[in-house]
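Student: Attaching a single structure in structure tokens format; questions to follow.
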Amino acid sequence: MRKADRLFQLVNLIRTHQPITAEQLAERIGVCVRTIYRYIDDLSLSGIPVYGEPGVGYALDEDFELPPLTLTCDEIAALMLGVEMLSRSTGTDLAAAAKTLLSKIGAVLPPRSFDPTRTPVRALGEILNNQSLRHWNDLYRSIQQQQAVKIVYLSLNEQLSQRVVFPLGLFYWGGKWTVGTWCILRNAYRDFRVDRIQNLDFASDVESPDQEISLDLYTKFQLERIKASGFH
């Protein structure tokens with residue numbers, strides 16, 4: 001990564017997470033703490049109003065705004081490819097949001113630097129069929145609203161079961177989506193393949209479980225399962 005790109009990343013991290021320590025910045029960017037100190041000096045010399053407080057971290061002046069957006073040809077190609085793949089592998093809500101994002105980015109870039117039709121890397125074929133995405137929008141909304149859903153699920157051994165779950169996250173595995181949930185029946189975190197869900201209804205009458213559930217705790221649970229299985 002070019003130094004200019006690292007400096008831009010540094011400014012954006014400070015702006016988003018301020019105050020943030022040099023150690024945290026070094027971990028996120030992938031450099032040593034001494035390099036972060038040099039980068040901070042470079043930013044200060046270039047007129048970026050970044051300041052630090054010992055024991056607290058770095059922050060930016062509240063009136064600071066990033067300069068106009070500029071993208072390289074490779075970044076535009078990556079953006080277009082991501083939007084096209086997203087539009088073919090998620091529900092309609094997120095796909096529409098991705099296209100809106102693309103138009104907003106195009107509106108603030110110089111006209112000659114942004115021509116999406118000329119990028120040489122494209123995703124033109126169908127990535128996922130309608131069956132795979134049939135319940136994607138509802139699962140995505142239930143995650144946003146922290147609402148339980150009732151599902152009829154067909155397992156891989158062709159057994160039907162009914163579950164009430166709190167969806168926590170959607171995960172794409174290259175051809176298949178899974179949804180990580182808290183399952184009321186099992187009183188535990190469980191995964192379900194989205195394309196195996198036969199029916200889904202929102203369950204507004206279901207109370208939240210007594211214990212804390214979250215995407216972070218679900219992720220921790222999965223990591224512990226992986227470690228316990230001996231797979232690294």
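Student: Over the stretch 161-208, what is the relative contact order in percent, taking alpha-carbon pairs closer than 8 angstrom and at least six residues apart?
Tutor: Relative contact order comes out at 28 percent.
Student: For the stretch 201-212, in order, what is each residue's ³J(HN,Hα) by Karplus, 6.51 cos²θ - 1.76 cosθ + 1.60 with θ = phi - 60°, in whole Hz (x at glycine and Pro)?
Tutor: 9, 6, 10, 6, 8, 9, 7, 5, x, 5, 7, 6
Student: So what is the calculated 222 nm ellipticity per residue for the chain, using -39500 (n - 2.57) for each DSSP H run with n of 4 or more, over all residues, to the nearest 500 deg cm²/dmol?
Tutor: -13500 deg cm²/dmol, from helical runs alone.
Student: How large a share of the accessible area of the chain, in percent, is made up of carbon and sulfur atoms when the probe is 1.4 Å and the other protein chains stay in place?
Tutor: Exposed carbon and sulfur together represent 52 percent of the surface.
Student: May I ask you to compute the full-extension gain from residue 96 to residue 159, defined as 0.36 nm times their residue separation minus their alpha-carbon distance, rounded to one decimal in nm?
Tutor: Extra length available between residue 96 and residue 159 comes to 19.2 nm.
Student: Between 220, 176, 150, which gets the highest mean-square fluctuation from a Gaussian network model of the chain, Cα cutoff 10 Å?
Tutor: The residue that fluctuates most here is 220.
Student: Determine the per residue accessible area of the chain with all protein chains present and a 1.4 angstrom probe, expressed in square angstrom.
Tutor: Accessible area per residue, the chain: 64 Å².
Student: Return a whole-number percent for the relative contact order of the chain, with Cα pairs under 8 Å and 6 or more residues apart as the contact set.
Tutor: For the chain, the relative contact order is 12 percent.
Student: Based only on Cα atoms, what mean projected area does the convex hull of the stretch 4-99 have, in nm²?
Tutor: Mean orientational projected area (the stretch 4-99, Cα hull): 7.9 nm².
Student: Let me ask something additional. Identify the GluC sites (Glu not before Pro) of the stretch 18-97 meeting these criteria: DSSP loop state and at most 10 other C-beta atoms within 10 Å of the C-beta.
Tutor: Those that pass, being in a loop and sparsely packed, are 62, 65.
Student: Name the residue, out of 145, 24, 131, whose mean-square fluctuation peaks in a Gaussian network model built on the chain with Cα pairs under 10 Å.
Tutor: Result for the chain, Cα springs under 10 Å: 24 fluctuates most.
Student: Along the charge dipole of the chain, which of 169, 60, 86 sits closest to the positive end, that is, farthest toward it, with unit charges on the beta carbon of Lys, Arg, Asp and Glu (+1, +1, -1, -1)?
Tutor: Of 169, 60, 86, it is 86.
Student: Can you tell me, using C-alpha contacts under 8 Å and at least 6 residues apart, the relative contact order of the stretch 131-232 as a whole percent?
Tutor: Rounded, it is 26 percent for the stretch 131-232.
Student: For a quick check, take a GNM of the chain with Cα springs below 10 Å and name the residue from 147, 198, 18 with the largest mean-square fluctuation.
Tutor: 18
Student: Specify which labelled value, from (i) 57, 31, 31; (ii) 65, 48, 38; (iii) 73, 56, 33, agrees with Cα extents along the principal axes in Å derived from the coordinates of the model shown.
Tutor: Of the labelled values, this structure produces (ii).
Student: Using R₀ = 35 Å, calculate the FRET efficiency as 1/(1 + (r/R₀)^6) where r is the Cβ-Cβ separation of residue 104 and residue 21; round to 0.05.
Tutor: 0.60
Student: Give me the dipole magnitude in Debye, nearest 20, for the chain about the Cα centre, with unit charges on the beta carbon: positive for Lys and Arg, negative for Asp and Glu.
Tutor: Magnitude of the dipole: close to 840 debye.
Student: Plugging the Kirkwood radius over Cα pairs into Stokes-Einstein for the stretch 1-50, at a temperature of 10 °C and a viscosity of 1.306 mPa s, what D comes out in µm²/s?
Tutor: D = 148 µm²/s.
Student: Starting at the first residue of the stretch 8-17, write each ³J(HN,Hα) from the Karplus equation 6.51 cos²θ - 1.76 cosθ + 1.60 with θ = phi - 60°, in whole Hz, x for Gly and Pro.
Tutor: With the stated coefficients, the stretch 8-17 comes to 4, 4, 4, 4, 5, 5, 5, 4, 7, 10 Hz.
Student: Now for a different question. Averaged over all directions, how much area does the convex hull of the C-alpha atoms of the stretch 159-220 cover when projected, in nm²?
Tutor: 4.9 nm²
Student: List the residues whose amide H sits under 5 Å from the amide H of residue 199, counting only those 5 or more places along or on another chain, with H placed 1.01 Å from N in the peptide plane.
Tutor: Placed amide hydrogens put 152 under 5 Å from residue 199.
The values are calculated or read from the model by the stated rules, or taken from the named source; none is laboratory data. Owing to the predicted nature of the structure, the values given are computational and were not obtained by experimental measurement. Neighbour counts run over all protein chains shown; Cβ positions are idealised from the backbone, glycine included. Please note that ligands, DNA and RNA were not included when accessible areas were found on the heavy atoms of the full protein model with its side chains. Shrake-Rupley method; radii C 1.70, N 1.55, O 1.52, S 1.80 Å.
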